[in-house]
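Okay, so here's the structure we're looking at.
The values are calculated or read from the model by the stated rules, or taken from the named source; none is laboratory data. Only a predicted model underlies this, so the values are computations on that prediction, with no experimental measurement involved. With ideal geometry, Cβ positions are generated from the backbone for all residues, glycine too; neighbour counts draw on all protein chains shown. Remember, those area values only see protein heavy atoms, side chains included, never the ligands or the DNA or RNA. Shrake-Rupley method; radii C 1.70, N 1.55, O 1.52, S 1.80 Å.
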Amino acid sequence: MTKLMTTAAALALMAGAAQAEGKLSVYHWFEYIPQELVDKFEAETGIDVTIDTYDSNEAMLAALKAGKLGQYDVAVPADFMVGIMAADGMLDTFTPEEVPNHANIAAQWMDVPFDAGRKSSIPYQWGSTSFSVNRDVYAGDISSLGIIFNPPDELKGKINVLDSQNEVLILGSLYLGIPQCSTDRAQLTALNDMLQAAKPHWASFGSDTSKDVLVSGDAAAGMIYNGFSAKARAEGANVEYVYPKEGHVLWMDNVVLLKDAPNRDNALKFMNFLLVPENAAAVTNYAAYTSGVTGVEPFLDEAIKNSPENNPPAGITPGAFAQACDAETQKLYDAIWTNLKK
Amino acid sequence: MAGAAPQGPPQGSGQASGGSTGYRQIVGPLLLPTWAVIGVFLLLPVLLMGVYSFLTKEFRGGVIWDFTLAAYDQFFVTRGLFGDEPPQIEWTYIAIFWRSIWQAGVCTLICLIVGFPTAWFIATRPPAQRSVWLFLITVPYWVNLLIRTVSLKFLLRDNGPLNEGLMAIGLISDPLPLVNTNLAVQLGLFYSYLPFMVLPIYAAVERYNFALSEAAADLYATRWTILREIVLPVVKPGIVAGCILVFVPSLGAFLAPDLLGGAKTFMIGSLIDEQFKGSQGNWPFGAAVSMILMALVLLVLLVQARAAGKAGAR
Amino acid sequence: MKGVRHYPGFLALAVGCLVILYAPLAVVAAYSFNDSASITQWGGFSWRWYVDVFTGPEAERFGAAAWNSLTIAVLAATASTAIAVAAAVAMVRGGQFRGRTATYALINLPLMVPEIVTAVAALIFFTMVGITTGYLTILIAHITFCIPFAFLPIAARLSGIEEVYEQAARDLYATRAQAFWLILLPLMMPGVISGYLLAFIISLDDFIITNFVKGAGMETLPTAIFGSVKQGIKPNIMAISTMMLAVSVLFVTLSYIANRIGQKTRT
């Protein structure tokens, strides 16, 4: 019996110690990188890639803070979250020489406010967040965020909302015409009350499920990212992505080098790999957003390049990036979110 | 499957003579691995979780080792959205607990209503048929709970087989909204834990002496009177065990509310999960909710143990 | 005679019970053979989703997850069964000793603590002592909660074995170890097998606890399925589910047969 136990323990340790060299541990959004591209990277470098997924910037941050930092090499936070992580000392830096394809970063995404000169991050994809409506269910006017926050009868009880604090609260603020990071009590109370009043009309909260509920018909309208909505359409749902008159959320997701990355060199190889136009285009063709790398155009699918989700009509209200609020203000928004989720 | 009630220590033959086979001297070493594993990896963690529930939550996730009652305060007390109003009782989380208790209670009741006749029916079959029926009831219990829940979701969704079928035969014109409702969660819980109700009741009915029923029938008692007055009191321990086996795990259920309820309506399980896996990142609060759930379960088990003790004394 | 056993409507409820329990599983199993990629339309019988599971784009991920699930289940069942055998011998053959009731409560603790609480406690513990979550933490957690499942059938079998066999062996100068390995263990075997199979299937099926204590890049089959299901119930998930279903049925059947043989050889 003792022998059996020793063998079992030894086997377990071996399996645990297999996390040796030639590995790369990626903390990524759900459904955001094609398996074929991962296979290609593995074939080119011999590095074994493992990917864990998260479904909101906040969940990723919370997990890293709760002890997962040091287990992952790279993560893919959005713009404002890069700033928060950098301020918290959760990111490592690199020089352009360490990532030879650094020059492929599109000019407009090089000197970004959250990482000037791109010392900890490289651009991944950018896109927008608003909502989509199944036109088979509702054919009326869908130009306003009121579809989500004060829905018509046809859509009541058939709405999915992203399980993402940042996006829900900003879209709610846009609907009410409230600035981000407000400290005005009346405005915040109004936001809280509006969300509380809207919640009974929602069917579900879910980010990773936001495409499937539209495709399966479990929801007839839902907050969603533009590329994800394009995929829902490609999978047969008659959904229309809306650039609402009140505005929408813009975001740029970035691959960041995490502090205490167990495989820093491999992480840099991976980032460099993602800056190759053909590879960046492969992500775009899969996720249906827009790449932040120059020279991807020749590799893009026509359908993605010309999708209505990626090519808003002229004259729409411009989108807004999320702002990182200071701690005191953020606590108020956290309270509104907690209040909404409970 | 968590939440099974203890059935009392096994009454081995060793209890009478004990030690003549020479194991008495090495009881310590034999039990050492059990104590080491469950003690270190379950008992100690549960105690540590208690400590953790008194720690301070760091901004945006993580904890600081400062002791505070903040997590329990958040559970029971509200001071308004801005935290500066006079403290009042926070009903939100109590409501979540109440909802979970209520749903678990309803689930237990439905399982009992369906499970008792089933168990009775099986126990009154000839022995050969009995084991086949038992086998059929147990098989789903060993099928992955996740897969069972997903199957149910697939069956119930708007364009799933059930709705399509009902529409095809013209019973309904529009799909019934089944997924993402409390009804779906309820059905999911019922479906998950039904076998837990059937098996203990079956065990009790199988041991029931039908001569009692026959005697009562000879005295012109109706079947239903016999059931109520004679059978139920005798098989009560089995019913109580079944109720606990269903009630306790449905109280902390996570998969059914998450997959079938659309993650919109919190139940205790999803509330805890959200603190660790979701965007809240509030571990001390999650630990506190877990402690309160544990306290609740211990209370239920204690009440059951006392009731069983009383019944035993009679 | 039959009158007091028979109640009207009970048969219908029992049949209804089985229908409720099996209908969703049957539907999923049926649709896993659906040739159409659409989950709502029937496109004819096909093995394509089973082929997809082994060769499709997700094959590597599910393969790794299945391997983790399988090795963890084997190791966890082996370790917990070994621990449970020792515990059962002490509890049933050890007579009255101090702490017997406490030990009994301890063995049953994993059954009494709600699963989500066990998961939370384990995560906090591993984080506090600084063990990186991963394969090892999953294995430890599984061994812990599998012990009572292995213990119950083993203890039940052992309490049905009279001491005379071992006593006879001891009288003939067998050592305690010889009496155990040559006499008691073979007699206990049906219980041990049954306990091992239960522990195995419990480990294989666990989702909640595994989901909390798995580390970076670690998946077991249930966590991988949970992740995929979020993006839609696809036919390949149904194929995997059906295969897991088949494995479960196989193991219950084995356990059932082991028990039947056990009953026949019962002394």
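Give me the 1.4 Å probe accessible area per residue for region B:206-314, excluding ligands and nucleic acids, in Å².
Values: 4580 Å² over 109 residues.
With all protein chains present, region B:206-314 gives 42 Å² per residue.
Only four residue types carry charge here, +1 at the Cβ of Lys and Arg and -1 at the Cβ of Asp and Glu. Report the dipole size of region C:125-256 about the Cα centre in Debye, rounded to the nearest 20. Please report the intermediate quantities before stating the final value.
On the way: 6 positive and 7 negative charges, 82 e Å.
Dipole size: approximately 400 debye.
Excluding ligands, DNA and RNA, what is the solvent-accessible area per residue of chain A at a probe of 1.4 Å, expressed in Å²?
On the way: 12640 Å² over 342 residues.
I get 37 Å² per residue for chain A.
Determine the percent antiparallel among the DSSP beta bridges restricted to chain A, to the nearest 5.
Values: 26 of 42 bridges.
Of those bridges, close to 60 percent are antiparallel.
Calculated FRET efficiency, B:Asn182 and C:Val164, Cβ-Cβ r, R0 56 Å, to nearest 0.05? If you can, show how the numbers build up before the last one.
Values: r = 58 Å, r/R0 = 1.04.
For R0 = 56 Å, the calculated efficiency reads 0.45.
Determine the dipole magnitude for the protein assembly as shown: charges of +1 sit on the beta-carbon of Lys and Arg, -1 on that of Asp and Glu, nothing else is charged, the reference point is the Cα centre, and the result goes in debye to the nearest 20.
Working: 58 positive and 71 negative charges, 939 e Å.
The dipole magnitude comes to about 4500 debye.
How many percent of the accessible area of region B:94-275 is carbon or sulfur, using a 1.4 Å probe? Before the final figure, lay out the partial values.
Numbers: 4540 of 6640 Å².
That share works out to 68 percent.
Taking the simple approach of a point 7 Å from Cα along Cα-to-Cβ for both A:Lys342 and B:Leu299, what is their distance in nm?
1.8
Taking a threshold of 30 Å on the Cα-Cα distance, which of the pairs A:Lys156/A:Lys341; A:Lys231/B:Lys277; A:Lys40/A:Lys245 fall above it?
As for pairs spanning more than 30 Å Cα to Cα, those are A:Lys40/A:Lys245.
From zero up to wherever the largest Cα-Cα distance of chain A sits, split into 10 Å bins and tell me the percent of pairs in each.
5, 24, 32, 23, 11, 3, 1, 0
I'd like the orientation of helix A:327-341 relative to chain A: the angle between its Cα long axis and the longest Cα principal axis, in ° from 0 to 90, rounded to 10.
Result, in degrees: 70.
Placing +1 on the Cβ of each Lys and Arg and -1 on the Cβ of each Asp and Glu in the protein assembly as shown, which of A:Ile148, B:Gly80, B:Leu31 has its Cα farthest towards the positive end of the resulting dipole?
Checking the options against the dipole of the protein assembly as shown, the answer is B:Leu31.
For chain C, what does -39500 (n - 2.57) per DSSP helix run (n ≥ 4), summed and divided by total residues, give at 222 nm, in deg cm²/dmol to the nearest 500? Mind showing how you got there, number by number?
Numbers: 11 runs with 193 residues, N = 267.
Helices in chain C give a 222 nm mean residue ellipticity of -24500 deg cm²/dmol.
Rounded to the nearest 100 Å², what is the sum over both chains of accessible area buried where B meets A, with a probe of 1.4 Å? Mind dumping the intermediate values first?
Details: alone 19410 and 14970 Å², together 31530 Å².
Accessible area lost upon association: around 2900 Å².
Which value at 222 nm does chain A reach when only helices count, each DSSP H run of 4 or more adding -39,500 (n - 2.57), with the total divided by all residues and rounded to the nearest 500 deg cm²/dmol?
Numbers: 13 runs with 130 residues, N = 342.
-11000 deg cm²/dmol, from helical runs alone.
Compute the projected area of the convex hull of the Cα atoms of the protein assembly as shown, averaged over all viewing directions, and report it in nm² to one decimal place. Could the numbers behind the result be given before it?
On the way: hull surface 163.5 nm².
Answer in nm², one decimal: 40.9.
Please report the buried accessible area for the interface of B with C, total over both chains, probe 1.4 Å, in Å² to the nearest 100. Don't skip to the answer; put the middle values down first.
Working: alone 19410 and 15790 Å², together 25480 Å².
What B and C bury together is about 9700 Å².
Going by average Cβ neighbours within 10 Å, how do the peptides C:177-185, A:171-179, A:122-130 rank, with the highest at the top? Intermediate results must be reported in sequence, preceding the final value.
Values: C:177-185: 16.2, A:171-179: 19.0, A:122-130: 25.0.
My ranking of the peptides, most packed first, is A:122-130, A:171-179, C:177-185.
Using the beta-carbon distance between C:Ala102 and B:Leu109 and R0 = 41 Å, what value does 1/(1 + (r/R0)^6) give for FRET efficiency, to the nearest 0.05? If you can, show how the numbers build up before the last one.
On the way: r = 34 Å, r/R0 = 0.84.
Efficiency at R0 = 41 Å is approximately 0.75.
Could you work out the mean count of beta carbons from other protein chains within 10 Å of each residue's beta carbon in B:50-56? Please report the intermediate quantities before stating the final value.
Numbers: counts 2, 2, 6, 2, 0, 1, 0.
For peptide B:50-56, the averaged partner shielding equals 2.
Farthest toward the dipole's positive end in region B:94-275, which of B:Ser131, B:Leu245, B:Val185, given Cβ charges of +1 (Lys, Arg) and -1 (Asp, Glu) about the Cα centre?
Farthest towards the positive pole: B:Ser131.
For chain A, find the longest principal axis of its Cα atoms and tell me its angle to the long axis of helix A:2-17, 0 to 90°, nearest 10.
Once rounded, one gets 70 degrees.
Between B:Glu206 and A:Ser144, how high is the FRET efficiency from 1/(1 + (r/R0)^6) when r is the Cβ-Cβ distance and R₀ = 60 Å? Nearest 0.05. It would help to have the intermediate numbers written out before the result.
Numbers: r = 65 Å, r/R0 = 1.08.
FRET efficiency, B:Glu206 to A:Ser144: 0.40.
Please turn the phi angles of region A:123-131 into ³J(HN,Hα) values with the Karplus equation 6.51 cos²θ - 1.76 cosθ + 1.60 (θ = phi - 60°), one per residue in order, whole Hz, x for glycine and proline.
x, 10, 9, 10, x, 9, 10, 8, 8
How many nm is it between the label spots at A:Glu36 and C:Val74, if each spot is 7 Å from the Cα in line with the beta carbon?
Taking the two extended label points, one gets 3.5 nm.
Please compute the alpha carbon radius of gyration of region B:94-275, then divide it by the globular-protein estimate 2.2 N^0.38 Å. Two decimals is fine. Each step should come with its number before you reach the end.
Numbers: Rg = 19.2 Å, N = 182, 2.2 N^0.38 = 15.9 Å.
Normalised Cα radius of gyration, region B:94-275: 1.21.
Nearest 10 degrees, 0 to 90: what angle lies between the long axis of helix C:235-265 and the longest principal axis of chain C (Cα atoms)?
20
Give me the inter-chain shielding for C:79-89: mean count of other chain Cβ atoms within 10 Å, whole number please. Don't skip to the end; give the middle numbers.
Values: counts 7, 3, 2, 6, 11, 2, 3, 10, 9, 4, 8.
Mean partner shielding for this stretch: 6.
Can you list the residues, at least 5 places off or on another chain, whose amide H is less than 5 Å from the amide H of A:Phe321, using H built in the peptide plane?
Those qualifying (amide H under 5 Å, at least 5 residues apart or on another chain) are A:Leu250.
So how do A:237-243, C:160-166 stack up, highest first, on mean other-Cβ count within 10 Å? Don't jump to the answer; show the numbers that get you there.
Numbers: A:237-243: 21.0, C:160-166: 17.7.
Peptide ranking by packing, descending: A:237-243, C:160-166.
What average number of partner chain Cβ atoms lie no more than 10 Å from the Cβ of the residues making up C:211-219?
Values: counts 5, 4, 0, 1, 9, 15, 13, 6, 3.
Taking the mean over all residues of the peptide, I get 6.
Hey, can you list the residues from region B:284-304 whose accessible area shrinks by 40 Å² or more with all protein chains present, relative to the chain by itself (probe 1.4 Å, no ligands or nucleic acids)?
Those are B:Met294, which lose 40 Å² or more relative to the chain on its own.
Using per-residue counts of other Cβ atoms within 10 Å, averaged over each peptide, order A:320-326, C:71-77 from highest down.
On the way: A:320-326: 16.7, C:71-77: 22.6.
In decreasing order of mean packing, A:320-326, C:71-77 become C:71-77, A:320-326.
Just the C-alpha atoms of chain B: what Rg/Rh do they give, with Rh taken as the Kirkwood radius? If you can, show how the numbers build up before the last one.
Numbers: Rg = 24.1 Å, Rh = 23.1 Å.
That ratio equals 1.04.
How compact is region A:51-115 by the rule of thumb for globular proteins, expressed as Cα Rg over 2.2 N^0.38 Å? Don't skip to the answer; put the middle values down first.
On the way: Rg = 13.0 Å, N = 65, 2.2 N^0.38 = 10.7 Å.
Expressed relative to 2.2 N^0.38 Å, the Cα Rg reads 1.21.
Hey, got the dipole for region B:94-275? About the Cα centre, +1 on K and R Cβ, -1 on D and E Cβ, debye to the nearest 20?
Values: 11 positive and 10 negative charges, 48 e Å.
Rounded to the nearest 20 debye, it is 220 debye.
Helix check for chain B. Which DSSP H runs span at least 18 Å along their own axis by Cα, with a mean Kyte-Doolittle hydropathy no less than -0.5? Spell out each step's value before the answer.
Values: long enough: B:91-123 (45 Å, 1.38); B:127-142 (23 Å, 0.58); B:182-207 (37 Å, 0.99); B:232-251 (27 Å, 1.91); B:283-313 (44 Å, 1.57).
Span-like helices, by this rule, are B:91-123, B:127-142, B:182-207, B:232-251, B:283-313.
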